[in-house]
1. State which residue is farthest from VAL404 (Cα to Cα) when the search covers only region 5-49 and only residues that are part of a strand (DSSP E or B) and among the hydroxyl-bearing types (Ser, Thr, Tyr).
2. Please go through region 131-169 and give me each residue that is in a loop (DSSP other than H, G, I, E, B) and among the small types (Gly, Ala, Ser), ordered by number.
3. Restrict the check to region 132-142 and report whether at least one residue is more than 27 Å from ILE211 (Cα to Cα) and among the β-branched types (Val, Ile, Thr).
4. I want to confirm something. Restricting to region 213-241 and keeping residues that are among the hydroxyl-bearing types (Ser, Thr, Tyr) and farther than 22 Å from SER287 by Cβ, which single residue is nearest to the chain's Cα centre (by Cα)?
5. How about region 303-358: which of its residues are acidic (Asp, Glu) and either without any contact (Cβ under 8 Å) to a residue 12 or more places away in the chain or on the phi > 0 side of the Ramachandran plot (or both)?
6. Looking at ILE211, is it in contact with a Lys or Arg (Cβ under 9 Å, 6 or more places away or on another chain), part of a helix (DSSP H, G or I), in contact (Cβ under 8 Å) with a residue 12 or more places away in the chain and surrounded by 19 or more Cβ atoms within 10 Å (Cβ to Cβ)?
7. Please work out which residue is modelled with the lowest pLDDT, limiting yourself to region 155-180 and to residues that are touching a strand residue (DSSP E or B) at 6+ places or on another chain (Cβ under 6 Å) and closer than 27 Å to TYR270 by Cβ.
8. Out of all the residues in region 356-377, which are assigned to a loop (DSSP other than H, G, I, E, B) and closer than 25 Å to MET179 by Cβ?
Amino acid sequence: MHDLGIIGGQLYIESEFQRKNLFVKNGAISGISDGVEGCLEYYDASGKKIIPGLIDPHVHFALNVSGRTSADNFFSGSVSAAFGGVTTFIDFLDPVSKALDLPGALKRRKSAAKDSVVNYLFHATAANPKGETEKIAMEMKNLGLHTIKIFTTYEESGRRTYDTEIKEFLELSKKYGFMVLAHVENDDIVGMHPKQLVSNLPEARSEEAEITEALKLAAMVRETGGELYMVHTSSGRTVRELIKCFSGIVGNRFHIESCPHYFSFDDSKYENEDGYLYTMIPPLRDSRAVRLLKKYSNFVESIGTDHCPYMENEKARQWLDEIPMGIGSIEHSFVVMHSILGNKAIDKMSRCPAEIFGLYPWKGLLAVGSDADITIYDDNENYRIHGNHSACDYTVYEGFDVKVKIESTICGGEFVIRKGEFKRGNGKCLL
């Protein structure tokens, strides 16, 4: 006897939809068949699509930077995630320069995340770890951490990791079997200065800064045999240049992530009166860069939201140095990306991040034995985005026309969202 039967829908199996029924028992998928089997409970999914629970590999809940804390804590952020069909997210530990600080950083974030309603894990984060790279790598292994984020910029705040240590981390990633995540900007040509206007943001943190640094890091990956994941790639020009120069490692040892906002908006937003609402790093790019990102989207393996919203009154400032950088989008990420890329968005937001971050085959697919992390959506009519369940008081996707709507989200066999209503949630740390 199964616990739950999802009946009458179309299951996403091997990159295509098949009309089958799915059964759940003890938090795992216990059967997939054409027939109806015995269940304690049935869910009528007639006319709906059933896909693996979505994975967001890049969020910032309860992030504190420069005395400001992002609007969503782990409860409100995870509720918003669940309304968007996300069943697993990956957040970040506070940056550390020394290995001995890593256990405390993990303990603090695990404590903060205990109220999450969906599953989660963490990336370690380094900050100028001179002389500590191998010690950090060994401590990561002890703690069960398999990824570490580095910044190639933010020298002024002490977060930058320099080329010597980046190369060491890449060499160690091959030795110890972890992956380096990189915020990719050439700090030498970043031009953030006090009292710049919102409209100056694309020039201050230019495409050139992203492209030149991405090419340098790709060369390091090829030389060392290490593995790197480039977060929040903002421009199709960057993707094009990486393909042109490093086709042998892109999608293999050099992974490209982008975000829904870089597919959805261009830098003309910064000329508007409310342009401050769209401020993030890296910034939006010009319309041609957006078109190129869509053109080369097959080389973007993963979609992360970089979810880091702030309240509108915190963002409403004239000068860039007074504005907290970041926006929220986890709740609307899938419906937006599906409206842009169609079914290609599904693997980029489920199977691919599961494979990259070591969660596959337990997550990222619908198969007997896999975790019962399941997203059900309706694509029978067009919808218009209105509001969100985040603690943030605005969404940049307000009024956005989309082609799908999340109906239900199941995490570990339990409904977190059922037909548009929040039910319950007991997220687990996957470390």
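1. Residue satisfying both the conditions and the ranking: SER30.
2. To start, the set of residues in region 131-169 that are in a loop (DSSP other than H, G, I, E, B) comprises 131-132, 144-146, 152-154, 158-159, 161-162.
Listed by number, the residues that qualify are GLY131, GLY144, GLY158.
3. Within region 132-142, the subset more than 27 Å from ILE211 (Cα to Cα) is 132, 134-142.
With the extra rule that they be among the β-branched types (Val, Ile, Thr), the set shrinks to 136.
Scanning region 132-142 turns up at least one residue that is more than 27 Å from ILE211 (Cα to Cα) and among the β-branched types (Val, Ile, Thr).
4. The initial filter retains those residues of region 213-241 that are among the hydroxyl-bearing types (Ser, Thr, Tyr), namely 224, 229, 233-235, 238.
Now narrow it down to the ones that are farther than 22 Å from SER287 by Cβ: 224, 229.
Values: THR224: 26, TYR229: 12 Å.
That would be TYR229.
5. Just the residues of region 303-358 that are acidic (Asp, Glu), to begin with: 306, 312, 314, 321-322, 331, 347, 355.
Result: ASP306, GLU322, GLU355.
6. Details: in contact with a Lys or Arg (Cβ under 9 Å, 6 or more places away or on another chain): yes; part of a helix (DSSP H, G or I): yes; in contact (Cβ under 8 Å) with a residue 12 or more places away in the chain: yes; surrounded by 19 or more Cβ atoms within 10 Å (Cβ to Cβ): yes.
Against the criterion (in contact with a Lys or Arg (Cβ under 9 Å, 6 or more places away or on another chain), part of a helix (DSSP H, G or I), in contact (Cβ under 8 Å) with a residue 12 or more places away in the chain and surrounded by 19 or more Cβ atoms within 10 Å (Cβ to Cβ)), ILE211 qualifies.
7. Per the criteria, the residue is ARG159.
8. Taking region 356-377 as the starting set, the residues that turn out to be assigned to a loop (DSSP other than H, G, I, E, B) are 357-370, 372-373.
Answer for region 356-377, where residues must be assigned to a loop (DSSP other than H, G, I, E, B) and closer than 25 Å to MET179 by Cβ: PHE357, GLY358, LEU359, TYR360, PRO361, TRP362, LYS363, GLY364, LEU365, ALA367, SER370, ASP373.
The values are calculated or read from the model by the stated rules, or taken from the named source; none is laboratory data. Every value quoted in this text rests on a predicted model; they were computed, and no experiment measured them. With ideal geometry, Cβ positions are generated from the backbone for all residues, glycine too; neighbour counts draw on all protein chains shown.
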